[in-house]
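Colleague: Encoded as structure tokens, here's the structure I'll be asking about.
The values are calculated or read from the model by the stated rules, or taken from the named source; none is laboratory data. Source: prediction; values computed, not measured. When we count neighbours, we look across all protein chains shown, and the Cβ atoms used for this are built from the backbone with ideal geometry, even at glycine. The accessibility values were calculated without ligands, DNA or RNA, using every heavy atom of the protein model including side chains. Shrake-Rupley method; radii C 1.70, N 1.55, O 1.52, S 1.80 Å.
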Amino acid sequence: MNEYINIIDELILESNSLYHLNTESDKFIRWIERAKMIVKKVFGETSTEYNDFINISFVEWNFAEYPTENVNNDFIKGIDKCRISLEVFKEQIVLTSNMENVMVTDKNKKVSKIFISHSSKDKEYVDLILEMLNFIGVEKSYKRIFYSSKEGYGVPLAENIYDYLKAELNNDIMVLFILSDNYYSSIPCLNEMGATWVTSKEYYSILLPFFEFKSLKGAIDPSAICLSIEN
């Protein structure tokens with residue numbers, strides 16, 4: 001992942017020298033094609049990231065019809081959009097890289113599934129975390145991920161929810177706590193936290209925006225490494 005970050009850094013730096021150019025410039029064409037290539041390489045040809053990036057417009061004003069000060073206005077806006085997109089993509093790659101490091105488990109431990117312990121009120125964030133797990137290679141399957149707020153990843157039809165959760169926590173799983181004020185306000189979430197502690201399951205924590213490290217409590221070890229989405 002570091003090589004992609006370095007290339008994106010180069011593209012962001014080089015974008016500063018493009019503003020006085022236009023879409024016919026060889027330098028701009030080389031830059032934009034290289035940028036498209038790296039976004040496609042990182043996120044895939046069918047990804048939203050790649051589709052949004054290649055559809056950024058650089059349509060310029062007609063030189064004959066508009067004043068000189070407006071000539072490259074749309075082109076400049078296009079460069080700005082590309083730059084902002086590349087900066088966001090870099091942050092995504094850094095977060096993904098950190099997550100990969102956290103998800104590496106002891107080779108002597110068998111982990112067959114990830115249990116995402118969360119509040120349903122935080123579904124908007126957890127859906128993105130699920131996408132990140134899939135992006136770094138975790139199979140898109142209920143056999144590999146338990147996430148009760150997403151169809152196809154939760155409790156199967158006709159199953160008793162509490163019996164199913166109990167069975168899940170007795171399997172070879174790793175628990176991913178998605179912590180927030182909503183989480184600590186939920187009795188079912190706290191029950192999952194307690195069950196994780198009782199069964200001595202391996203766990204990692206992700207702190208959602210507006211929830212600080214100092215707010216950690218309960219069965220979570222405050223000295224354990226956590227990831228904060230805001231950092």
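Colleague: Taking only pairs six or more apart or across chains, which ones have beta-carbon atoms under 6 Å, a first residue in the range 28-48 that is closer than 24 Å to N134 by Cβ, and a second residue that is among the β-branched types (V, I, T)?
Modeller: Pairs that qualify, where the first residue is closer than 24 Å to N134 by Cβ and the partner is among the β-branched types (V, I, T), are K36/I54; I38/I7.
Colleague: Same structure, new question: Which ones in the range 25-50 are modelled with pLDDT of 90 or more and surrounded by fewer than 11 Cβ atoms within 10 Å (Cβ to Cβ)?
Modeller: D26, E33 - these are the residues of the range 25-50 that are modelled with pLDDT of 90 or more and surrounded by fewer than 11 Cβ atoms within 10 Å (Cβ to Cβ).
Conditions (1) among the hydrophobic types (A, V, I, L, M, F, W, C); (2) out of contact with any Cys (no Cβ under 7 Å at 6 or more places or on another chain); (3) closer than 24 Å to L95 by Cα; (4) modelled with pLDDT of 90 or more, marked per residue:
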position	(1), (2), (3), (4)
G137	no, yes, yes, no
Y147	no, yes, yes, yes
G152	no, yes, no, no
V155	yes, yes, no, no
N160	no, yes, no, no
T196	no, yes, no, no
L208	yes, yes, yes, yes
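Colleague: Collect the residues in the range 1-24 that are open to solvent by 40 Å² or more (accessible area, probe 1.4 Å), not in a helix (DSSP H, G or I) and not polar (S, T, N, Q), keeping them in residue-number order.
Modeller: M1, Y19, H20, E24
Colleague: Condition check: part of a strand (DSSP E or B) and either modelled with pLDDT under 85 or β-branched (V, I, T) (or both). Does I129 satisfy that? Before the answer, list the steps.
Modeller: Details: part of a strand (DSSP E or B): no; either modelled with pLDDT under 85 or β-branched (V, I, T) (or both): yes.
Here the answer is no, as I129 does not meet what is asked.
Colleague: How many of the residues in the range 151-198 are within 20 Å of K140 (Cβ to Cβ), among the β-branched types (V, I, T) and without any contact (Cβ under 8 Å) to a residue 60 or more places away in the chain?
Modeller: Final tally of qualifying residues: 1.
Colleague: Quick check on my filter: what residues within the range 75-89 are aromatic (F, W, Y) and open to solvent by 10 Å² or more (accessible area, probe 1.4 Å)? Steps first, please.
Modeller: Taking the range 75-89 and keeping what is aromatic (F, W, Y), we get 75, 89.
Selection gives F89 alone.
Colleague: In the range 86-101, which residues are modelled with pLDDT under 60 and either among the polar types (S, T, N, Q) or part of a loop (DSSP other than H, G, I, E, B) (or both)?
Modeller: Filtering the range 86-101 for residues modelled with pLDDT under 60 gives 99-101.
Within the range 86-101, N101 is the sole residue that qualifies.
Colleague: Sticking with this one: Residues of the range 64-74 being surrounded by 12 or more Cβ atoms within 10 Å (Cβ to Cβ) and modelled with pLDDT under 80, which ones?
Modeller: We begin by selecting, within the range 64-74, every residue surrounded by 12 or more Cβ atoms within 10 Å (Cβ to Cβ); these are 66, 70-74.
If the condition is that a residue be surrounded by 12 or more Cβ atoms within 10 Å (Cβ to Cβ) and modelled with pLDDT under 80, then Y66, N70, V71, N72 are the ones that fit.
Colleague: Which members of the range 102-122 meet the condition of being open to solvent by 20 Å² or more (accessible area, probe 1.4 Å) and modelled with pLDDT of 90 or more?
Modeller: S120, K121, listed by residue number.
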